[in-house]
1. Roughly how many whole Å is it from the C-alpha centroid of the range B:149-222 to that of the range A:232-290?
2. By DSSP, what percent of the beta bridges with both residues in the protein assembly as shown are antiparallel, rounded to the nearest 5?
3. Kindly identify the range A:285-367 as rounded, prolate or oblate by the Cα gyration tensor criterion: order the square roots of the eigenvalues as a ≥ b ≥ c, call it rounded if a/c is under 1.5, otherwise compare a/b with b/c, prolate if a/b is larger, else oblate.
4. Using modelled amide H (1.01 Å from N, peptide plane; none on Pro or chain starts), what sits under 5 Å from the amide H of A:ILE109, excluding residues fewer than 5 places away?
5. Between the label point of B:GLY256 and that of the same position in each other copy, find the distances and list them shortest first in nm, with every label point placed 7 Å from Cα along the Cα-to-C-beta direction.
6. Points 7 angstrom from Cα along the Cβ direction at B:ALA112 and B:SER159: gap in nanometres?
7. Would you list the membrane-span-like helices of chain A, meaning whole DSSP H runs whose alpha-carbon atoms span at least 15 Å along their axis and whose mean Kyte-Doolittle value is at least 0.5?
8. How many angstrom lie between the C-alpha centres of the range A:14-59 and the range A:334-358?
Protein chains: 2
Amino acid sequence: VYGLNIGEPDTAPPEVFYEGLRKAEHQPVPYEAAAGFPPLRDAWASWLNRSLKIDTRPDDFLVTTGASEALIFSFLTCCDAGDEILVLDPTYANFAGFAAMADVRLKPIELAFDDGFEFPPVAALASEAGPQTRAVLLCHPNNPTGAVPTAQQLQDILSFCESRNIMLIVDETYRELVFDGRQPLSILQIHPDHPGVIVIDSLSKQFSLCGARVGFVYSANQAILEAMDTLAQCRLAAPSLAQRASAHMLQHLPSGFSEKRAIEFEARRDALVQPLANHPNVDVHNPAGGFYAMVRLPVENAADFAAFLLTDYHVDGCTVQVAPAEGFFVAPGLGRDLVRVAFVCPPEELTAAAQILSSGLDAYQER
Amino acid sequence: VYGLNIGEPDTAPPEVFYEGLRKAEHQPVPYEAAAGFPPLRDAWASWLNRSLKIDTRPDDFLVTTGASEALIFSFLTCCDAGDEILVLDPTYANFAGFAAMADVRLKPIELAFDDGFEFPPVAALASEAGPQTRAVLLCHPNNPTGAVPTAQQLQDILSFCESRNIMLIVDETYRELVFDGRQPLSILQIHPDHPGVIVIDSLSKQFSLCGARVGFVYSANQAILEAMDTLAQCRLAAPSLAQRASAHMLQHLPSGFSEKRAIEFEARRDALVQPLANHPNVDVHNPAGGFYAMVRLPVENAADFAAFLLTDYHVDGCTVQVAPAEGFFVAPGLGRDLVRVAFVCPPEELTAAAQILSSGLDAYQER
């Protein structure tokens, strides 16, 4: 089974990560500082500043247990129970879970497949924002669509948030993975030190460190950062071993690491998306970033097709697992003809998987 | 400065932990299963069954990011916003933070210094429980008091919870650290498989692995476990490296490890508590477990005395840092004449620290 369903890179983390891990051997395993292991905060700010040509300070970041915890902290800090956050629809499915934990309501801003799931105009946000709206939450490159906003789109959304006095939370977990000559784009380049901005980040996708559970939350707003630090104190600390190894990794990362990795994933994208695009009944966009593509199929129920592939279809003993896309939509009933595919394995496997998906679709329609 | 203020053992984790860590080298760092790395769940259930002579199954546990996350999951699962949980007063200070995150109110059951902070009779719980009460939360050995309940006391509290149809959440983070010939006591020995029981556990204190962030939550109630698993899925996974190393550690733990460690901490307790008890103006109980003691001082404001020790008092250049105990009380105004001391360094240092604390008290009173 070619697993196109899960967003977890098959590549190993950089060798310097393990070098850092060896340094942790035979050391005590103490609680790190609640805000994060100081050398990691330093190394992260330096790396980000080099990558984005900005000037953040280590004190502007807290280390979190993955982007997951950064998101929970953000929701709890920006909202009281019953408040609302505007989100792109579709977007990262677990936003809904974090909202449930924080007793926050997500209000979807519907994006259209036929527009390449492009980021919404301000008018779309304005028509959904209400008196309980406390924030806009973006993920870019967006999971599951791979859509990347322009700097102007981000600026417009930030201006809208300013005009309503609400926060802009930007999940930049996939930021470095952008294709076709694009440079990584951050809200921090557009407006450094904006008190209305929170940035969510993670080592998971950009360094193949999903299991490390090391994320970051950025805010230049001292009140926000202090409120998050109170939450951080309460849960004591993020994981020690991964923080120590990651600090060493970021201090010793080979130059060009992220650029090479983006090129590697661009080749993977092409290996998966081009063969799918050749199928006359399949619609697929070339994602501008991330490692997912949304695929529209001529079926009524993509979940049923996904199940068919697993149970009733194979080519030379192989089949493909895809993620039905309905789960990525907040609004009910959307995305029933879509699947999300992830390009997280070698190109030759992805091309083989695309061919199985295509011929499987033909077989499904001919049943 | 002798740091008696923080509850973090100075001892190293067992060597087999690092052996497990070396096995993780050059391996991918994937998301583990949301419920935990299966070999760790197996090893934990086996170790617990050996230690407590019980018969739990690996499927009864979720691995969490420290006991912290186990507590948040428990609060979110047992309560809706505005519900109440009864807690011992004093108890672990961060319970209040988790309650704030989950929008739950803690109702304190006041314990008395002069009774050795003994666990409360059922009548005390009954008089505080109301229609919004969803659970009783115990920590034993209790932090910060070191008090340990009898099996009968636990049974009585469980019966009370049954009669009110509310949950009993038991934080057994310090369970193996019991002194004076006591055996580790678990609610799971008293009533295995009780659907109204949740047990919180952690490797932090019992294996000197505070920074690993590996905890566990136990429930034999499938509905509870499934609700917690939904929360676990949302945050993806607990830390991979620490889970892998811990699984190896538990599989290869030298026999008698916990017993030896309890004896080591008993000697530390004696080195700290006996010299303090000799001071005519100091009241201190011999804690039955854990690694904290509560000390009553003839002062109006223990926080002021703690600050005095740090800024205005030293013996041969050394002084002592203690934790003012007011922060461990939920009810306002309690514990102002108490400090918590932790015995987490070698006995000779603890005895020296006790002497500085005693002579510092005399100096403080003579000012």
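1. Each part reduced to its Cα centre gives a spacing of 41 Å.
2. Working: 40 of 82 bridges.
Bridges in the protein assembly as shown are about 50 percent antiparallel.
3. Numbers: a/c = 2.06, a/b = 1.12, b/c = 1.84.
The shape class here is oblate.
4. Under 5 Å from the amide H of A:ILE109 lie the amide H atoms of A:VAL87, A:LEU88, A:ASP89, each far enough along the sequence or on another chain.
5. Going from nearest to farthest copy, the values are 5.9 nm.
6. Spacing of the two 7 Å Cα→Cβ label points: 2.3 nm.
7. On the way: long enough: A:38-52 (21 Å, -0.51); A:66-78 (19 Å, 1.35); A:151-164 (20 Å, -0.31); A:222-234 (18 Å, 0.55); A:240-251 (17 Å, -0.12); A:257-277 (30 Å, -0.39); A:347-366 (29 Å, -0.17).
For chain A, where a helix must reach 15 Å along its axis and average at least 0.5, the hits are A:66-78, A:222-234.
8. Rounded to whole Å, the Cα centres lie 35 Å apart.
All of the numbers you see were taken from the coordinates with simple rules; none came from a lab. Only a predicted model underlies this, so the values are computations on that prediction, with no experimental measurement involved. Every residue, glycine as well, gets a Cβ built from its backbone with ideal geometry; the counts of neighbours run over all protein chains shown.
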